[in-house]
Amino acid sequence: MILAVETSCDDTCAAVLSDQGEILANVISSQGVHDRYGGIVPEIASRHHLGLIGVVMDDALGRAAVQLEDVDLIAATRGPGLTGALLVGFSTAKALASVHRLPLAAVDHLHGHVAASFIGPTPFEPPFLSLIASGGHTLLAHVKDPGPDFEILGQTLDDAAGEAFDKGARLLGLGYPGGPELERLARDGDPEAFQFPTAARVSGLDFSFAGLKTALLYKVRELGEAEAERRRADLAASYQQAIVESLLIRIRRGLVRTGLDRLALGGGVAANGPLRQAVAELDVEVDVPPAELCTDNAAMIASAARFVTPLDFPDYLDLDVYASGEAA
Ligand code: KG4
Ligand code: ZN
């Protein structure tokens, strides 16, 4: 039985997973407080995690009808993410594991997103090509086995795909997070109305969204306030199409490069309808986990923990979190 916590960004999450990979509880408390700032405020995120983590963990154990005594392994996200936010979950996990003399699995957040495919209603096993696209990360990986050493084939050179949605949405006067709102507005628009760049010339499998965001800004300025307002839906639809196409270009290249015919999506952007539709039309087997496993959650951290070497007490006590990249 694994009890996992995830606090790398603004969601306070705890989950209980059985050793069979069955999700017994997956509690996610989203901190709606950041919406008014148009983005996540790290200091506020940390403070909210502090207030919520105990309740969220209790809630997960309660929903799973599991006592702490039944837990064999504690798992927590070690990074990458916001340092202060990570510290809350990771330190809580360390403290709890110490008191109960339990082993601790320190999980990489991106390994967690990949491992979301291994659980849920339709478990999907490696090998597969994985696209993780969220507000914080965009990467394409060759997942050969369930362990943490998947091969990263490409990453974003600037903004993350979700960030591109959020920034575009803000330019169009929509709220935060922008992805779902932009998708909604785009339904009434023509995706062919404007041509936005897809960074197709960025060679290899890396992504770039900064040029796209700037192109939208210039287009809005060029149209002028009244016309841009009148054509908001067309702008949203064309902008969304450019993001989706930009992701698809790299997915196709990645499938060719690896020779794989299996693809898994993860991260909040995987909730995007047009992206899901586009990958469904590819001639490959596709896995898109349910939305609650795509966005940040602790069940995916528990899933990854099964394939990480756990540390015994007291070896984990001096482990630190990491904000970006991997642990030294
Ligand atoms: O995985 P996630 O919940 O948190 C991060 O780790 O960032 O992803 C959130 C991101 C936000 O940028 C949000 O705008 C985007 O995912 N997102 C979407 C959709 N739903 C969420 N982007 C496009 N279409 C959606 N339907
Ligand atoms: Zn994430």
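The values are calculated or read from the model by the stated rules, or taken from the named source; none is laboratory data. These numbers come from a predicted model, not from an experiment. Cβ atoms come from the backbone with ideal geometry, glycine included; neighbour counts cover every protein chain shown. Side chains are part of the model used for accessible areas, which takes the heavy atoms of the whole protein and leaves out ligands, DNA and RNA. Shrake-Rupley method; radii C 1.70, N 1.55, O 1.52, S 1.80 Å.
Details
- Residue among LEU82, GLN155, THR295 farthest towards the positive dipole end of the chain, charges placed on Cβ: GLN155
- Taking label points 7 Å from Cα along the Cα-to-Cβ direction, SER30 and LYS144 give a separation of 3.7 nm.
- Relative to the longest principal axis of the Cα atoms of the chain, helix 161-171 runs at roughly 50 degrees.
- FRET efficiency for THR309 and GLN67, using Cβ-Cβ distance with R0 set to 22 Å, rounded to 0.05: 0.25
- Solvent-accessible area of ILE249 with every protein chain in place, 1.4 Å probe, in Å² to the nearest 10: 20
- Full-extension gain in nm, ASP320 to ALA95, via 0.36 nm per residue minus C-alpha separation: 79.7 nm
- Each residue of segment 181-196 was assigned a 3J(HN,Hα) from its phi angle through the Karplus expression (A = 6.51, B = -1.76, C = 1.60, θ = phi - 60°), giving 5, 5, 4, 4, 4, 5, 4, 9, x, 9, x, 9, 4, 10, 9, 10 Hz with x at Gly and Pro.
- Take the Cα of GLU229, go 7 Å toward its beta carbon, and the backbone nitrogen atoms of segment 165-182 under 13 Å from that spot belong to 173.
- Angle in degrees between helix 83-99 and the longest Cα principal axis of the chain, rounded to the nearest 10: 20
- Diffusion coefficient, µm² s⁻¹, Stokes-Einstein with Kirkwood Rh over alpha-carbon pairs of the chain at 20 °C and 1.002 mPa s: 106
- PHE313 contributes about 70 Å² of solvent-accessible surface, heavy atoms of the protein only, 1.4 Å probe.
- Over all pairs of different C-alpha atoms in segment 47-196, the reciprocal of the mean inverse distance, the Kirkwood hydrodynamic radius, equals 18.4 Å.
- Take ILE53: with every protein chain present and a 1.4 Å probe, its accessible area is about 10 Å².
- Extreme residue, positive dipole direction of segment 116-232, given options LEU182, PRO121, ALA200 (C-beta unit charges): LEU182
- J(HN,Hα) series, segment 64-70, from Karplus relation 6.51 cos²θ - 1.76 cosθ + 1.60, nearest Hz, glycine and proline x: 7, 6, 10, 8, 4, 5, 7
- Under DSSP loop assignment and at most 16 Cβ neighbours within 10 Å, longest trypsin sites (Lys or Arg not before Pro)-free interval of the chain: 202-328
- Selection from THR214, ALA271, HIS111, by position along the positive dipole direction of the chain (Cβ): THR214
- In the chain, helices alone account for a calculated mean residue ellipticity at 222 nm of -12500 deg cm²/dmol, with every DSSP H run of four or more residues adding -39,500 (n - 2.57).
- Loop-located GluC sites (Glu not before Pro) across segment 198-303 with a Cβ neighbour count of 13 or fewer within 10 Å are GLU281, with loop assigned by DSSP.
- Loop GluC sites (Glu not before Pro), segment 116-214 (other Cβ atoms within 10 Å of the site Cβ: 13 or fewer; DSSP): GLU192
- Label point distance in nm, LEU217-SER203, each placed 7 Å from Cα along Cα→Cβ: 2.8
- Phi-derived couplings, Karplus 6.51 cos²θ - 1.76 cosθ + 1.60 at θ = phi - 60°, listed residue by residue for segment 220-231: 5, 5, 5, 6, x, 4, 5, 5, 4, 5, 5, 9 Hz, with x used for Gly and Pro.
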